[in-house]
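Comments concern the structure below.
The values are calculated or read from the model by the stated rules, or taken from the named source; none is laboratory data. Predicted, not measured: the structure shown is a model, and the values here were computed from it. Cβ: placed from backbone, ideal geometry, glycine included. Neighbour counts: every protein chain shown.
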Amino acid sequence: TSGTSTSSNNDNYDIVHVDLSDGRDYPIYIGTSYSDEQASSMLSSHVHGNKVLIVTNDKIAPMYLEKYQKLLSADQEGKDVVTLVLPDGEEYKSMEILQLILDKALEETLDRKCTFVALGGGVIGDMVGFAAAIYQRGVNFIQIPTTVMAMVDSSVGGKTGVNHPLGKNMIGAFHQPQCVFIDTDTLSTLPDRELQSGIAEIIKYGLIRDAALFEWLEDNMDLLLKRDPSATRYAVKRSCENKAEVVKADEKEAGLRATLNLGHTFGHAIESGSGYGTWLHGEAVAIGTAMAATMSAELGWIDPDLVQRTYRLLEKANLPVELPVDSPMDRATFLRYMAADKKVANGQLRLILLKGPLGNCVFTGDFDQTAMIKTIDEFVA
Ligand code: NAD
Ligand code: MG
């Protein structure tokens, strides 16, 4: 990697610093087995004001809410920590549910110096971050991600938002947190499918910019699937470093940041076209990544051996690399959804494709369309 992110190691946690302009730098703590005192003082150092609103969902609340409410209340006297539990699910990442967060904050008379805390996966993180971006024109917030997807991707980089009935993530803002606090022990309760879905994004960092991470994953996938603490800590840290470097270089997605969407244009088409609830995001991205690799080789941009390695690694993570025979996806459905992609500029579809040795990619609209069609036809056959 280019090594622009700064990291430091401690016994049970690492810190990845996200370096942004205008004093918006913030740390990502990545650790295991925190003592209560340790966790409490780390979190409290990023709490502003004396009112805290923790938002989570009804799946996570019984497991972790009381613990974090205590940790956030412990350090300072007179601190008022209130909580809000929302329904669990992507379908609740909406303006209607967001309104409940704003209602709660107003009912509790939270002022501009309060802190919102997002405790959960990417749905909670995106929605609470957006609420923090717009409540009284912006308040502080802390991310406590509890899924792999949220730890390695959604909690880092400041993209926040909710879905609109006409499109996913269509309403939102850039709003950076005060800190991201990761306790990988929370992954012990995460369902296997959710764990694997998050691993798809880790594999993505390897493919687009971190050959060493890809090679490490080839050797250590079993440990990661077993939730081995040090393997998990390493993979999450390395992913956060990669994302932090990309975000530092291109916070508002002028170009480079788009490369984080490897496999996502095909993947979004699969997610939308297969019907709600068929695929988890990372699963659709896995198939999309297989498609991007296949197409890259079809264009002659990568060695066919890299396609094989990509398939093998995805399969090692128990991720899908093809569509099932009964999939409703066909060529027309792919093309329709891909045409609606946010990365279409002036009517031209742009894709992230692999090019060169492992760890290199391009974001381009300059490719032979027949290679794309051929790839789609191979996958829908
Ligand atoms: P999610 O938030 O829906 O979490 C997945 C499931 O796991 C949910 O049922 C959740 O309640 C449950 N869960 C969470 N933590 C748990 C734990 N520790 N133990 C047991 N169950 C737990 O989904 P996700 O995959 O975390 O995130 C997906 C969302 O993130 C999407 O809305 C996507 O748009 C967004 N996202 C945003 C960005 C960004 O840059 N902002 C990047 C990637 C994804
Ligand atoms: Mg993604």
Residue that is farthest from V18 (Cα to Cα), among those in the stretch 222-237 that are crowded, with 19+ Cβ neighbours inside 10 Å and among the small types (G, A, S): A231
Tell me, please, whether a residue that is modelled with pLDDT of 95 or more, part of a helix (DSSP H, G or I) and surrounded by fewer than 23 Cβ atoms within 10 Å (Cβ to Cβ) can be found in the stretch 155-171. no
Is there any pair linking a residue in the stretch 97-109 that is assigned to a helix (DSSP H, G or I) to one that is modelled with pLDDT of 95 or more and among the aromatic types (F, W, Y), with Cβ under 8 Å and at least six apart or on different chains, and which? L98/F130; I101/F116; I101/Y135; L102/Y135; A105/F116; A105/Y135
Looking only at the stretch 339-357, which residues are within 23 Å of the chain's Cα centre (by Cα), under 23 Å from I302 (Cα atoms) and among the aliphatic types (A, V, I, L, M)? L351, I352, L353, L354
The correct count of residues that are of a type outside the set (D, E, K, R), out of contact with any Leu (no Cβ under 6 Å at 6 or more places or on another chain) and more than 10 Å from ligand 2 (Cβ to nearest atom) in the stretch 247-288 is 19
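Go over the candidates G275, G282 one by one and state the one that is on the phi > 0 side of the Ramachandran plot and either away from ligand 1 (no atom under 16 Å from the Cβ) or within 15 Å of the chain's Cα centre (by Cα) (or both). Full working, then the answer.
On the way: G282 fails: on the phi > 0 side of the Ramachandran plot.
Going through G275, G282 in turn, the sole match is G275.
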Scan of the stretch 35-78 for residues that are touching a Gly at 6+ places or on another chain (Cβ under 9 Å) and not aliphatic (A, V, I, L, M), ordered by number: Q38, N50, T56, N57, K59, Y64
